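Here the structure is laid out as structure tokens; the discussion comes afterwards.
The values are calculated or read from the model by the stated rules, or taken from the named source; none is laboratory data. In this text, all values refer to a predicted model and were calculated from it rather than measured experimentally. Don't worry about glycine lacking a Cβ; one is built from the backbone with ideal geometry, like all the others, and counts go over all protein chains shown. These area figures cover heavy atoms from the full protein model, side chains too; ligands, DNA and RNA do not enter into them. Shrake-Rupley method; radii C 1.70, N 1.55, O 1.52, S 1.80 Å.
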Amino acid sequence: RALTRIGQQMNPDTDVLFMYMTSHGNQGIFQLADEPISMDSIDPQWLREVLDRSGIRWRVIVISACYSGSFIPALQSPDTLVITASASDRPSFGCSNEADYTYFGRAFFDEALRNANSLQTAFDQAKVRIRQWEKAQGFPSSQPQLKLGQNMGLMLPQFESRLFPPEIAGSTPAETASAVSSPVSQIH
């Protein structure tokens, strides 16, 4: 229902959905049930069907879960960028109830995106950082994945210009915030 409502609010020609999902997972499963909450897990084909029915054309989907690469075949399309914390046959690491982020979440969102000017650059930096942590703790590589659709490759620079606005030279922090808030508010 949420994706349908979001799809109704978006301009299908220009708006980009940025969806971040984080939880436990297994091959072809994104787990939502966590005691005492009892919810059905999400499988990749169901998610693809819901996204298609929602009318949301442009999609950036980031999935931080073990075996999250197993979602790529169902979710990939010419209009989609899919980023996953691990390959389809690999667990991801750094998941605990005490952690604010998984290894992937910390490396991608908390570190790389703060300094990057593109999602590809942030992903590449995060992938290196995650591997450093895995090696230091003796974990096998989770092998984060990125699959960029051809059309999204053309749309991505426009989206990233709103996501990573350049600082305005000579502006005060308040002026800079005001100048960049309008385009950023259009991102869903």
With every protein chain in place, what's the accessible area of MET19 (1.4 Å probe, Å², nearest 10)? 30
Helix-only mean residue ellipticity at 222 nm, the chain, DSSP H runs n ≥ 4 weighted -39,500 (n - 2.57), per residue, nearest 500. What is it? -11500 deg cm²/dmol
Along each of its three principal axes, how wide is the spread of alpha-carbon positions in the stretch 94-168, in whole angstrom units, largest first? 39, 30, 20
In whole angstrom, largest first, the equivalent ellipsoid semi-axes that the Cα gyration tensor gives for the stretch 46-117 are 24, 16, 11
Expressed in angstrom and ordered largest first, the alpha-carbon extents of the stretch 112-155 along the principal axes are 39, 21, 8
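Which whole-number value in Å² is the accessible area per residue of the chain, probe 1.4 Å? Provide the component values of the computation, followed by the final result.
Details: 10380 Å² over 188 residues.
Per residue, the chain has an accessible area of 55 Å².
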Enumerate the whole-percent occupancy of each 5 Å bin, from 0 to the last occupied one, for all C-alpha pair distances of the stretch 14-139. 2, 11, 19, 23, 20, 15, 8, 2, 0
On the principal axes of its Cα set, how long, how wide and how thick is the stretch 26-79? Give whole Å, largest value first. 37, 22, 15
Under-5 Å amide H pairs with VAL16, H placed in peptide plane, nonlocal only: HIS188
Just to be sure I understand the model, the point goes 7 Å from the Cα along the line to the Cβ. What's the resulting ASN26 to THR121 distance in nm? 4.1
The chain: relative contact order in percent, alpha carbon pairs under 8 Å with at least 6 residues between: 21
Name the most mobile residue of PRO166, PRO144, PRO78, meaning the one with the largest mean-square fluctuation, in a Gaussian network model of the chain with Cα contacts below 10 Å. PRO166
